[in-house]
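Structure first, commentary second.
The values are calculated or read from the model by the stated rules, or taken from the named source; none is laboratory data. Since the model is a prediction, treat every value here as computed from it, not as a measurement. Cβ sites come from the backbone with ideal geometry, for glycine too, and all protein chains shown count toward neighbours.
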Amino acid sequence: MAKTFKKMHANEGCARRVAVLLMMCLFFLRPPSALSGPVVGPEYEVKAGFIYNFANFVTWPEEVFKNKNEPLVLCFSSDDPASDVLLQLDTKIIKGRKLKVVPYRDSDCLMQSHIFFFGTQDRLFIQKILGLAKGRGILTIGEIEGFTQMGGIINFFEEQNRLRFEVNIDAAQREGLKLSSQLLVSAEIVREERE
């Protein structure tokens, strides 16, 4: 069976409230040095704030954690050095777990991760990693057109000079991830339809 995808728009009023909340969180996530010096990679600073908030609005299956003290691991692979701003999220607390941020070097990073961010346009790499991630309860986040159609869960895109995101809720359900309505209200929803 072939899959087709349908997009739905969320309630605009709720979206504005969530956007304001996200921006406030982003402000508080910045370290003091970022407030006083030149900003490097502002696009990735905004994405880091979104990723932090995504993690707060997702519930993982308990079996993906070895114990209650295991950190929530964010692995990222990017072609852009500005994405190193994601390292500033390291040691933040999300739902009682310390966030551990690890740049992708090899598949060990993927095997220990709960969140994987693709900051790359390399479709072959993305498809390979998405294939390896299947069934592991990993929240996959990308920034390339067609990412959710490839099986990714959340994808960033720009619309009218605004950073937005879409969510493939079918892919999230397959991974056993529960997405909060607070996350979904500001997302463009992508559903897989079987023909």
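Below, the figures for the structure above:
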{"quantity": "Residues of region 154-190 that turn out to be in contact with a Lys or Arg (Cβ under 9 Å, 6 or more places away or on another chain), among the aliphatic types (A, V, I, L, M) and in a strand (DSSP E or B), as a count", "calculated": "3"}
{"quantity": "Criterion violated by Val73 - all others in (1) assigned to a loop (DSSP other than H, G, I, E, B); (2) at pLDDT 95 or above; (3) not charged (D, E, K, R) satisfied", "calculated": "(1)"}
{"quantity": "Residues (in a strand (DSSP E or B) and either among the hydroxyl-bearing types (Ser, Thr, Tyr) or surrounded by 13 or more Cβ atoms within 10 Å (Cβ to Cβ) (or both)) located in region 76-98", "calculated": "Phe76, Ser77, Ser78, Ile94, Arg97, Lys98"}
{"quantity": "Long-range neighbours under 7 Å by Cβ, at least six apart or interchain, first residue of a type in the set (A, V, I, L, M, F, W, C) within region 102-114, second not in a strand (DSSP E or B)", "calculated": "Val102/Cys109; Leu110/Ile129; Leu110/Leu132; Leu110/Ala133"}
{"quantity": "Region 160-184 residues that are closer than 17 Å to Glu143 by Cα and surrounded by 15 or more Cβ atoms within 10 Å (Cβ to Cβ), paired with ones that are modelled with pLDDT of 95 or more and of a type in the set (Ser, Thr, Tyr) (beta carbon under 9 Å, 6 or more apart)", "calculated": "Glu166/Thr148; Val167/Thr148; Asn168/Thr148; Ala171/Thr140; Ala171/Thr148"}
{"quantity": "Hits in region 129-176 (condition: closer than 16 Å to Phe117 by Cα and β-branched (Val, Ile, Thr))", "calculated": "Ile129, Ile138, Thr140, Ile141, Ile144, Thr148, Ile153, Ile154, Val167"}
{"quantity": "Verdict on Val101 being in contact with a helix residue (DSSP H, G or I) (Cβ under 8 Å, 6 or more places away or on another chain) and either modelled with pLDDT under 95 or in a helix (DSSP H, G or I) (or both)", "calculated": "no"}
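Results for (1) surrounded by 20 or more Cβ atoms within 10 Å (Cβ to Cβ); (2) over 13 Å from the mean Cα position of the chain (by Cα); (3) in a loop (DSSP other than H, G, I, E, B); (4) not hydrophobic (A, V, I, L, M, F, W, C), shown as yes or no for each residue.
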{"residue": "Phe116", "(1), (2), (3), (4)": "yes, no, no, no"}
{"residue": "Leu124", "(1), (2), (3), (4)": "no, yes, no, no"}
{"residue": "Ile129", "(1), (2), (3), (4)": "yes, yes, no, no"}
{"residue": "Arg136", "(1), (2), (3), (4)": "no, yes, yes, yes"}
{"residue": "Ile141", "(1), (2), (3), (4)": "yes, no, no, no"}
{"residue": "Gly146", "(1), (2), (3), (4)": "no, yes, yes, yes"}
{"residue": "Gly152", "(1), (2), (3), (4)": "yes, no, yes, yes"}
